[in-house]
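The values are calculated or read from the model by the stated rules, or taken from the named source; none is laboratory data. Just so it is clear, the model here is predicted, and its values are computed rather than measured. No Cβ is skipped: glycine too gets one built from the backbone with ideal geometry, and neighbour counts run over all protein chains shown. Accessible surface areas use protein heavy atoms only, side chains included; no ligands, DNA or RNA. Shrake-Rupley method; radii C 1.70, N 1.55, O 1.52, S 1.80 Å.
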Amino acid sequence: MAVQARIIKHLLFMRQSGSKGRTLDSLCVGQEGQDGALAAALSDSLWLAGQEVSATVTLVTEEYCTTPHLDYKLDTFTEKLQLFTFNTKDMARSFILQHLHSFTAEGSHGVILFLYSLICSRTICRLKEDLDSSTSHLLHLSLGDFVCGQALVNLLLTGKASPQVFNGIQYFGEDGEALERPLQGVLSRSDVGYLHWSREQMETGRLPQVGSMLKTPRFPVWLCCINGGFSVLFSIDHSLLSDWRTEHQFHLYYYNGRSSQKTAKLTVDTHSHHWETSCRHSEGHAERMSPPLDMTLKTKWDGAAVNWCGTVPFY
């Protein structure tokens, strides 16, 4: 879904200037346009991971490219990887486009290839520097499957595998004592944003507070983590992030990747008099009854009223 967010960013905001001709139909492109957007999305992430100096793409070859160490268990995949490093993002994008079948073909293990490319672009040394005392892993085991840790999500979005979502670096713990290894947050504004909400974390008081570097990206596209599942939220109006008047009332589109649920159009009103509505329900009860997406939006637009425009809310 992080790649999907970058594809949406590319199709809406990178192919044309101005917003007069920008509509939801801008996302409807043919196969050539889809391939170009995917190559652009992948190269964007790799270029950021390489500190905008280089990008490394990994492909699988027929022959073994490395000699396994004694403590390494062969998996018939890793040892066949060949690395291609590029000094411009355009060169990386062109190379990925030429070899796109290596990422998309049936049985190509394209997601794993992309993960290896991210790691090699960032380099192992930088990854170790990015992580902090809270974690030493990019993936973690959940319900018998490996899922993205926050460090990997941030690597995809910002190019740095920082495990925290707040702005900056935290040097002191909750007790005020200096941490042996500071907690690494987000240091710069990302081009694609991130929003996070979990009912379980909210009820236990452990909901992480996402900082402005992620909540207010350069483009109005957000990767959302809602109750552990990932989805994409976006606007076709770039001025949503630069003109405060636009935030009074605006439209957003929500996509969760499920074939059974189409893209939903939402109207968000940040100037609604929500305190004048019926007070029959307590605040806690209202939160339990609200769609998770509504609660996620309120982590950025506090107190906003969300209208699903006739679509049955996704729960």
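Per-residue SASA remark: Leu24, around 60 Å² accessible (1.4 Å probe; ligands, DNA and RNA not included). The residues packed around Tyr171, meaning those with a beta-carbon under 14 Å from its beta-carbon, carry a net charge of -4 if Lys and Arg are +1 and Asp and Glu are -1. Counted by Cβ distance under 12 Å from Thr61, the other residues give a net charge of -2, where Lys and Arg count +1 and Asp and Glu count -1.
Protein heavy-atom accessible surface, 1.4 Å probe, per residue over the chain: 55 Å².
Here the 3J(HN,Hα) profile of region 168-177, calculated from phi with Karplus coefficients 6.51, -1.76 and 1.60 at θ = phi - 60°, is x, 10, 9, 9, 10, x, 5, 8, x, 7 Hz, Gly and Pro shown as x.
Ligands, DNA and RNA left out, the accessible area of the chain computed with a 1.4 Å probe is 53% carbon and sulfur. Helix 110-122 and the long axis of the chain differ in direction by around 80°, with both axes built from C-alpha atoms. Under the combined filter of DSSP loop state and at most 14 neighbouring Cβ atoms within 10 Å, region 170-270 retains these GluC sites (Glu not before Pro): Glu174, Glu177. Here the relative contact order of region 15-165, from alpha carbon pairs under 8 Å that lie six or more residues apart, stands at 24 percent.
Once you reduce region 72-103 and region 116-132 to the center of their Cα atoms, the two points are 16 Å from each other. Altogether, the Stokes-Einstein calculation at 10 °C and 1.306 mPa s, with the Kirkwood radius of the chain over Cα pairs as Rh, returns a diffusion coefficient of 75 µm²/s.
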